[in-house]
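The values are calculated or read from the model by the stated rules, or taken from the named source; none is laboratory data. What you see is a predicted model; the values in this text were computed from it and never measured. A quick note on method: Cβ atoms are made from the backbone with ideal geometry, for glycine too, and the neighbour counts reach across all protein chains shown. To get the accessible areas, we keep the full protein, side chains included, count just its heavy atoms, and leave off ligands, DNA and RNA. Shrake-Rupley method; radii C 1.70, N 1.55, O 1.52, S 1.80 Å.
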Amino acid sequence: QSSLSATLSGYVSDLRLANLTGSHSEMGDLSFTLSSPAGSNIEVIQASCPGTANFNLNLDDSATGNFPCPPTSGGSYLPSTAMTAFNGESAIGTWQLTIDDQANTNGGSLDSWGLEICTVGGIPSSNGT
């Protein structure tokens, strides 16, 4: 589990999970869940790509296609579940990314991730790492 703090005013109007990179020997074992400060949870990557390793991608509801296997190109792809579910929630607070290793038989690492958040009801901004 990893956390980012957003200090944005306003409500989410668009969200992009950026620079999601890491290593793991079996992508098919992993599911990724993004949680908002309000406590909403979205599974952004369902366990997929069995027999492949590592990840390097961006997730964006505006992307034009699903991620390839292995998802290591650094491109932008559709999340497994639309992140528009966060629209209208306050952007300020702690966002969490949880990676669940469903087999729990091998290790890996989360090397980076960030969020690009557009808001309404405040000044449109972005925040990421």
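Of note:
- Derived scalar couplings ³J(HN,Hα) [segment 38-48; Karplus, 6.51 cos²θ - 1.76 cosθ + 1.60; whole Hz; x for Gly, Pro]: 7, x, 6, 10, 10, 7, 7, 9, 7, 3, 7
- For segment 1-70, the solvent-accessible area of protein heavy atoms averages 42 Å² per residue (probe radius 1.4 Å; ligands and nucleic acids excluded).
- The ellipsoid that matches the Cα gyration tensor of the chain has semi-axes, each √(5λ) in whole angstrom, of 26, 14, 12, with the longest given first.
- The H on the amide N of G10, modeled in the peptide plane, is under 5 Å from the matching H of A91, each at least 5 residues off or on a different chain.
- Between A63 and S48, residue separation times 0.36 nm minus the direct Cα-Cα distance comes to 3.6 nm.
- In order through segment 14-28: 3J(HN,Hα) via Karplus (6.51 cos²θ - 1.76 cosθ + 1.60), integer Hz, x for Gly, Pro: 6, 9, 9, 8, 10, 6, 7, 10, x, 10, 6, 6, 9, 4, x
- Applying a 4.7 Å Cβ-Cβ cutoff to the chain leaves C118 as cysteine residues with no disulfide-compatible partner.
- Per-residue ³J(HN,Hα) for segment 50-64, Karplus 6.51 cos²θ - 1.76 cosθ + 1.60, θ = phi - 60°, Hz, x for Gly and Pro: x, x, 10, 10, 6, 8, 7, 7, 10, 10, 8, 4, 8, 5, 9
- Over all pairs of different C-alpha atoms, segment 1-65 has a mean inverse distance whose reciprocal, the Kirkwood radius, equals 13.6 Å.
- At 1.306 mPa s and 10 °C, Stokes diffusion of segment 43-86 via Kirkwood alpha-carbon radius, µm² per second: 148 µm²/s
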